[in-house]
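First comes the structure, then the notes that go with it.
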Amino acid sequence: MEYDITATGIRGLNEKLHAEPADSSQNWNVVNPNGAHAIAVGLNAPLNVSINGSTGYYCAGMNKLASVKVHGSVGPGAAENMMSGSLTVDGDASQYAGASGHGGLLNIKGNASSRCGISMKGINIVVHGNIGHMSAFMAQSGNLVVLGDAGDALGDSLYEARLFVRGEVKSLGADCIEKPMREEHIAFLAELLNEAGADATPDQFKRYGSARELYHFNIDNASAY
């Protein structure tokens, strides 16, 4: 099924996608996105949606079950609050990609900007390039894998999310520390890298996580409150 956004607009596209049966695996080919916002949001069926060009804000936001692929770059908030399914981006992603994502895979073949994976809650994010500052800020669970470098304050105030970085980390945020790569992490990372089609091996990565120092009130800091 081919849909030209310039003909009947974003609302018409999303209405048609939402009208698909819950078990539909229909293939959709979206042309002329021209950086439009909110393309393919709120999907709730195992559709295959191919977007030929770059998109604006919130592409594939609140996705459930669908496999969305963008042949271009995406604006802020791509895959925001994604529940399951996948979003693959051939190009780069703007800020807060994968924000509050609960599940599924966000696979960014280029770079991601600041706050990638902010407040993530179970999503898997693989970035084949670099990520910007404050990524995985307050990340609660899930996995962020970066084949390139990470900017300032990686993992600031994170909870139980796991961060894997192959390149350099400019600085770690509050309560984020380097942790050992155990056998279960190596096995899991190998599967995720394979799923994302990433040209890397687990032994090239370092793992970062929470030191858990922010979990409890410290009486020595009482005067600061």
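Please enumerate the residues belonging to region 25-52 that are over 20 Å from the mean Cα position of the chain (by Cα) and either surrounded by 17 or more Cβ atoms within 10 Å (Cβ to Cβ) or of a type in the set (A, V, I, L, M) (or both). Correct list: Trp28, Val30, Val31, Pro33.
Checking every residue in region 97-105 against the condition of being under 17 Å from Phe164 (Cα atoms), of a type in the set (A, V, I, L, M, F, W, C) and without any contact (Cβ under 8 Å) to a residue 60 or more places away in the chain gives at least one match. The strands (runs of 3 or more DSSP E) located wholly in region 62-158 that include 1 or more residues which are charged (D, E, K, R) occupy 67-70, 121-127.
Cβ-Cβ contacts under 7 Å between residues 6 or more apart (or on different chains), taken from a first residue in region 119-135 that is more than 12 Å from Tyr96 (Cβ to Cβ) and at pLDDT 95 or above to a second residue that is polar (S, T, N, Q) and not in a loop (DSSP other than H, G, I, E, B), are listed as Lys121/Ser141; Gly122/Ser141; Asn124/Asn143; Val126/Asn107. Checking each residue in region 196-214 for being under 25 Å from Phe137 (Cα atoms), surrounded by 11 or more Cβ atoms within 10 Å (Cβ to Cβ) and out of contact with any helix residue (DSSP H, G or I) (no Cβ under 9 Å at 6 or more places or on another chain) picks out Ala196, Gln204, Lys206, Tyr208, Gly209, Ser210, Ala211, Arg212, Leu214.
This table checks each residue for (1) closer than 24 Å to Glu178 by Cβ; (2) within 9 Å of the chain's Cα centre (by Cα).
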site	(1), (2)
Asn63	no, no
Ser67	no, no
Asp92	no, no
Tyr96	no, yes
Asn130	yes, no
Met138	yes, no
Ser157	yes, no
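One residue alone among Asn48, Asn81, Asn44 is farther than 26 Å from Ser135 by Cβ, in contact with a His (Cβ under 8 Å, 6 or more places away or on another chain) and modelled with pLDDT of 95 or more, and that residue is Asn44. For region 113-120, the condition holds for no residue, the condition being that it is among the aliphatic types (A, V, I, L, M) and either surrounded by fewer than 20 Cβ atoms within 10 Å (Cβ to Cβ) or closer than 15 Å to Thr55 by Cβ (or both).
The values are calculated or read from the model by the stated rules, or taken from the named source; none is laboratory data. If you're wondering where the values come from, they're calculated on a predicted model, not measured in any experiment. Glycine also receives a Cβ, built like all others from the backbone with ideal geometry; neighbour counts cover every protein chain displayed.
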